[in-house]
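Q: Please read through the structure below; I'll follow up with questions.
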Amino acid sequence: MRLPDLDLDLLRCFVMVAEQGGFTAAGQALGLTQSAVSLKVKRLEDIVRRPVFRRTSRSVALTADGETLLAYARRLLALNDEAVRRLVAPPVAGRLRLGVADHFVPRSLGHILSRFARAYPEVRLEVEVGRSHDLRARQAEGGLDLVLGKRRDGEVAGTHVWTETVVWAAAPDWSAPPGRPLPLALLPEGCMFRERALKALARAGLPGETVFTCDSLLGLAAAAQAGFALTVLGRRGFPPGLEEVAGLPPLGEVEMALFGDAAGRHQLVEPLVSFIRESLG
């Protein structure tokens with residue numbers, strides 16, 4: 001039996017509904033009516049022979065099959081867009097100075113930069129890794145073209161890439177010292193993660209003491225891996241040797257975004273975001 005081919009146009013519409021959280025919002029983003037979006041999704045469901053969304057009067061959610069398809073759809077669309085850009089789009093050359101928050105290192109950065117270099121061989125890519133706050137200041141001063149970093153609470157600037165849950169992390173055998181403040185390993189003052197951790201403990205009436213301060217998340221992870229202190233990380237970025245600590249006040253979520261689009265760099269933003277999202281699965 002010959003298997004059906006997936007239509008990239010239908011997949012693109014499906015992905016937009018999943019990312020926008022609804023048919024109306026997806027239609028606005030695609031320049032289509034809500035009914036046109038619904039029709040495209042129905043055609044896709046006919047091809048795969050199963051529903052990809054659970055629809056109610058108030059919300060749209062992916063089915064289990066829809067979640068599986070979403071991962072494949074993003075990969076197919078990313079590969080299609082990469083091929084089209086390489087063969088059809090005007091060649092892009094020059095220098096691109098990219099700042100990357102160390103939340104994203106070393107898990108996925110190497111893979112993304114390798115793909116980007118293959119897609120844009122004429123672009124000289126220079127990468128600087130550091131804290132979001134410092135990188136964005138450098139970008140504002142003209143020292144960097146693009147920055148992949150954290151959005152501040154309530155901020156809408158930049159191109160949203162993904163949402164990260166912030167959690168407490170420690171070595172598997174770590175336990176809170178009885179009768180003493182929680183020992184904390186945190187980034188220096190001005191860090192969003194640090195502020196959230198201290199405020200969350202204060203609201204819960206739990207004493208905490210910063211016993212280890214470091215500019216690098218890898219340094220914080222090392223202190224936590226050694227059992228010296230409790231730290232705060234994005235859930236996706238756990239290095240080996242750490243586990244999420246339950247029973248402490250929640251720290252919420254943080255949005256990661258791509259900032260800056262000066263000097264005609266817009267033609268590189270979309271593929272870079274696409275590569276990042278695909279690497280996150």
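Quick note: the coordinates plus some simple rules give every number you see, no bench work behind them. Remember, it's a predicted structure, so these values are computed and weren't measured experimentally. For neighbour counting, all protein chains shown are included, and Cβ atoms are generated from backbone atoms with ideal geometry for every residue, glycine included.
Q: With a 10 Å Cβ neighbour count serving as the proxy for reagent exposure, in which order, fewest first, do I276, I112 appear?
A: On the way: I276 22, I112 19.
Lowest count first: I112, I276.
Q: Here's another thing I want to ask about it. Provide the per-residue ³J(HN,Hα) series for region 165-177, in order, calculated from phi with Karplus coefficients 6.51, -1.76, 1.60 and θ = phi - 60°, each as a whole number of Hz, with x at glycine and proline positions.
A: 7, 8, 9, 7, 9, 7, 5, x, 9, 6, 9, 5, x
Q: Let me ask something additional. Pop a pseudo-label 7 angstrom from the Cα along the beta-carbon direction at both R235 and Q28 and give the gap in nm to one decimal.
A: For the pair R235/Q28, the computed spacing is 2.7 nm.
Q: Do any GluC sites (Glu not before Pro) in region 4-71 lie in a loop, going by DSSP, with at most 14 other beta-carbon atoms within 10 Å of their beta carbon, and if so which?
A: On the way: sites: E19, E45, E67; in loops: none.
Answer by residue number: there is no such site.
Q: Using a 10 angstrom Cβ neighbour count of at most 10 plus a DSSP loop assignment to flag exposed trypsin sites (Lys or Arg not before Pro), which longest range of the chain is free of such sites?
A: 59-281
Q: If you don't mind, there's one more thing I want to ask. What label, among (i) -0.57, -0.93, -1.21; (ii) -0.77, -1.10, -1.25; (iii) -0.72, -0.94, -1.10, belongs to log10 I(q)/I(0) by the Debye sum over Cα atoms at q = 0.11, 0.14, 0.16 Å⁻¹ computed from the structure on display?
A: Structure-derived value, by its label: (ii).
Q: For the chain, what is the percent of antiparallel DSSP beta bridges, rounded to the nearest 5?
A: 50
Q: Further question on the same structure: In region 1-54, which chymotrypsin sites (Phe, Trp or Tyr not before Pro) are in a loop and have at most 14 other Cβ atoms within 10 Å, using DSSP for the loop call?
A: Details: sites: F14, F23, F53; in loops: none.
Here no chymotrypsin sites (Phe, Trp or Tyr not before Pro) fit, given the DSSP loop and packing criteria.
Q: Can you figure out the FRET efficiency of D9 with D134, using R₀ = 51 Å and their beta-carbon distance, to the nearest 0.05?
A: In this case the efficiency is close to 0.75.
Q: To continue, here is another question. Among C214, C13, C191, which comes first, second and so on when ranked by fewest other beta-carbon atoms within 10 Å? Please list the in-between numbers first.
A: Details: C214 16, C13 26, C191 19.
Taking fewest neighbouring Cβ atoms as first place, the list is C214, C191, C13.
Q: Shape call for region 164-253 from the C-alpha gyration tensor, a ≥ b ≥ c root eigenvalues: rounded (a/c under 1.5), prolate (a/b greater than b/c) or oblate?
A: rounded
Q: Along the Cα-to-C-beta direction of N80, a point sits 7 Å from the Cα; which residues of region 51-68 have their amide N less than 19 Å from that point?
A: Only 52-53, 66-68 pass the distance filter.
Q: Something else: Going by C-beta contacts inside 10 Å, put Y120, Y72 in order with the fewest on the left.
A: Y72, Y120
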